[in-house]
Each structure stands twice: as C-alpha cells, then as structure tokens.
Amino acid sequence: MEEKNKYDYGIKSTLAQCWAISGPWLLHIDLGIQVITSTIVIGTVENNAFKDKNEFLTITSEEASWFGSLQYLFTPLGNVFSSLLLDRFGHKKCMILTNIPCLVAQIILYYAKNVEMLYASSILMALSIGLLKAPSLGYTGEVCEPKLRGTLTSTMTIFYYMGTIILTMMHSITKQWRLTMIVATMFPIMTIIILLTTPESPMWLLANGKPLKAQQNLRRLRGKVSHEKCENEFQEMIKYSVPAKSDEPNDKNDTNALKQLFEPEVLRPFRLMMIYFFYRNLFSLLTLLPYLVSIFNKFGAPVNVEWTISFSMSLCIVGSVMATFLIRTLGKRFLTLLSLSVCSVCYIIIGVIGVNWTNAEPLKSWIVLILFFINNLISSAGLTPITWTLLTEIFPAKSKNIACNISTALFFVITFCMTKYYPDYSHLVEFYNKPKIKPYKKFQRISNRI
C-alpha cells in the first residue's frame, strides 16, 4: 500500500491520465462493436431469420459458424504484427494503425454481396482486434499511477460493453444491418483523432533512448507538475525499463526474448493466464455472442430479442462498474473465486431446470433467462475485468510485450475453438444436455421401419 500511495499528484494528475487513456477507451468501444457485429449479421441473414424481403444475402448455419468464429482464428496474426510493430513504433502509432482494418471491414460489410465478403470482413476485424489488445493495455499499464492502474484498466471492459450496446441499439432503431455498419464507421475515425492528441508512453520512450521526451510526457501525464515533483517516479521508471548492467558474460539480461519466455518468472504467470482465459470464456458471453439470437429464442421468454441483447450488455456494464470498486476492496483472488462459484451455480441450475422442468413453460423460461442474466452480471464483475487487469501486471518488464502478445493470441485461439464448435456441441448433447431421443431408441425406431 505504501508503494501505491507514495506519489501524491492530486486531481489534475487523475484527469490527465483519464485523458491519456481516452484513446484506449475508444478503442475498446471499437472492439465491442466488432465483436457484436457477428450477432447482428448472423441474427439477420442466417436463413433470412427475419424474413426481410429487401435482404438478398442469406447464409447457412455452417457459414454462420465460420463467420462468427473467423474473427478469433485470425486474431493471433494481428498479435504477431503487433509484437513486431510495438517495440519499433510505440503504443500510440500501433493504436492508430488498429483502426484502419476495422474501418475497411465495416465498409466491406455495407457492400457485402456474398458470404466470401463476410469472411473477408471478419478476417479484417480479427486483425484489428489482434493489433488492439497489447498496445492499448500496455499503454494503460505504463502511463497510469500504481494506485489508479487497476481501476482504470478495469474500466476498459465498461467501454467494450458500451460498444456492444451502441451497435445493438443502433440496429434495433434502424432495423437495417447494412445501415448500422456504415454509421458505425464514425467510431474508428473519432478514435484516430483522439489518439493524435495523446502523449506516447514514457516507458517506451525510455526504452528507446529518449529520456528528455519521456520526462516531458510524464509531467504531462501527472497534470503538468514540476520537474522535481515527478523526479522520484521518473528514476524508478528508468530502473524498471533499463536492465542493470553486469560484467558477467552469461548474465540472464543478455538472453534473447524467446529464452526469457521459458524462465520460471514467465511460465508461472503464463499458466495462470491460460486458466483464467478458459473460465473467462466459459462463463462470459464472448463465445455465445454469434448465437445469442437463437439462444434467447430457445429460452422461450416472451421478449424482444434485440432489446434483450442490449439489456444483457447493460448488465455487463453494471458488473464492470462494480468491478472497479470490488477489485480494490475484495482483492482479485477472492473476487475470482466468488464469481466462479456463482456462475457455476447459475449454469448448473439452468441445466437442471431445462432437463427436469417440463411444465409451466412461461415461468420456466423467465427463471432460466434471469439466471442467465445473473451469470452475465457476475462474470462481468469478476472474471472478465480481472483477466485483463492481471495480464497488464503479472509479467516481468523484460518480457512483458512478447508475453502479453503470446498470451492474448492463445486466448483468441481458445475463443475460436469454443465459438466455432458450439453449434456442433449443442447439437450433440442438445441445448439443455438432454437428447430428445436416445441414440439406441432412435436406432430401434429406424430398424422397426425397415
């Protein structure tokens, strides 16, 4: 606690840091828009679900699963580009570059005439998402004071869900997914304009031999304080970003980046992040997003599906706001265990009700839907923000960039597998894990017919 409170810059410093990370905030709005895009498009054009006579484009369920998951399959490629560009060009330029494939993808969607164009837009969005995470989270972790870092990083999730709500509500109003896509292009344009006004990370400037510019940017990020007031923090940044020299020829500081990844101080947090990624995907909406329209229809509650999706995302925002306070008061470990327990109970009860409760359909549908909402709220208050907060803090400085990129790439590979094969898994075990006809009975019926 002493380390977190030893810098006292005041409210001007907090406002300056909020202004600096307004670019990453807008990037996460773009991220939410890109992720929820598949929900809007699939919900509209899959077998022409809404029977829109003016819509000429239709896709099958198999094509829908590819469109919904491709943006995660190609995201690691964006991570590779990010790792190659980040150390050379810095966080700010990489964040600006992120908006270009996003903008092009939205324009392609507006003019999409076949499923191949949908696939192309999904791949471009994947590249944008892959380019986004490492520079935005790394930038936030480096420009914020220790006492504000956890809170401000966790707010990224709020803006991500804001992006999903914005696009869903725009589609609910326009009723035309193509018009919704073209209107959404204003967000990457706005993001580029904001990022042009923010300073580069002092840590990156130090690592690239620009100490004067680094100190100048640090003063701006701390509310334009005097040189003397931020000198102690600046000296600590120098110690953190520049490895100590050693006369030993085989010193660990001389090992290359790949060898550093196999050191215990990197492998231990790496394993922990993989566990977090799996359970984060299991209990969050991310892997279910492309199929939310069909999922809410299967619940059977008498609700408008589009506004129900918006309400689900609103609950996720409430959970993210709760997380900004709960992380500091309860701690990451307790909040992780609490959210895991509550989400597991919600899923188990949904399954039990779906299998055993065959009467009172309206009441059953509402209970299942409410439990689903509770799961969304709790996962967004615990697992989701904690996962990305840990990613910015858990790796040592000498391997942070490459470790964050590799971890994020594997996260999206996991997400692709869980998203692409969700329909197959759902068909295999049925929605509530209860096949309507047991395999041996089905075979017996076919044999009797023969």
Starting at the first residue of region 324-336, write each ³J(HN,Hα) from the Karplus equation 6.51 cos²θ - 1.76 cosθ + 1.60 with θ = phi - 60°, in whole Hz, x for Gly and Pro.
4, 9, 5, 4, 6, 8, 9, x, 5, 5, 5, 5, 4
Around Leu410, what is the net charge, scoring Lys/Arg as +1 and Asp/Glu as -1 over all other residues with Cβ under 15 Å from its Cβ?
+3
Set the Förster radius R0 to 45 Å, insert the Cβ-Cβ distance between Ser61 and Glu228 as r into 1/(1 + (r/R0)^6), and round the FRET efficiency to 0.05.
0.10
Percentage of interatomic Cα-Cα distances in the chain larger than 34 Å
36 percent
Figure the gain on full extension for Thr197 and Lys259 (residue separation times 0.36 nm, minus the Cα-Cα span) and round it to one decimal in nm.
18.6 nm
Size of the dipole of the chain about the Cα centre, Lys and Arg at +1 and Asp and Glu at -1 on the beta carbon, nothing else charged, in debye to 20?
680 debye
Using only the alpha carbons of region 153-216, what is the convex hull's orientation-averaged projected area in square nanometres?
5.9 nm²
Calculate I(q)/I(0) for region 275-391 by the Debye formula, one identical point scatterer on each C-alpha and no solvent, and give its log10 at q = 0.15, 0.19, 0.23 Å⁻¹ to two decimals.
-0.67, -1.00, -1.30
Starting from 0.36 nm per residue, how many nanometres of slack lie between Ile370 and Leu84 once their C-alpha separation is accounted for?
98.5 nm
With DNA, RNA and ligands ignored, accessible area of Cys102 (1.4 Å probe; Å², nearest 10):
0 Å²
Cα-projected label distance for Ile11 with Lys298, points at 7 Å along beta-carbon direction, nm:
5.1 nm
Return the subset of Lys92/Lys229; Lys92/Lys420; Lys213/Lys259; Lys133/Lys210 for which the Cα-Cα distance in this structure is over 27 Å, preserving the input order.
Lys92/Lys420; Lys213/Lys259
Cα centroid separation, region 347-423 to region 89-161 (Å)
20 Å
Asn99 neighbourhood, Cβ < 13 Å, K/R = +1, D/E = -1, net charge +1
About the Cα centre of region 263-334, what is the dipole size in debye to 20, counting +1 per Lys and Arg Cβ and -1 per Asp and Glu Cβ, all else neutral?
240 debye
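The values are calculated or read from the model by the stated rules, or taken from the named source; none is laboratory data. Remember, it's a predicted structure, so these values are computed and weren't measured experimentally. Please note: Cβ atoms are built from the backbone with ideal geometry, for glycine as well, and neighbour counts cover all protein chains shown. Surface areas here come from the heavy atoms of the whole protein model, side chains and all, with no ligands, DNA or RNA. Shrake-Rupley method; radii C 1.70, N 1.55, O 1.52, S 1.80 Å.
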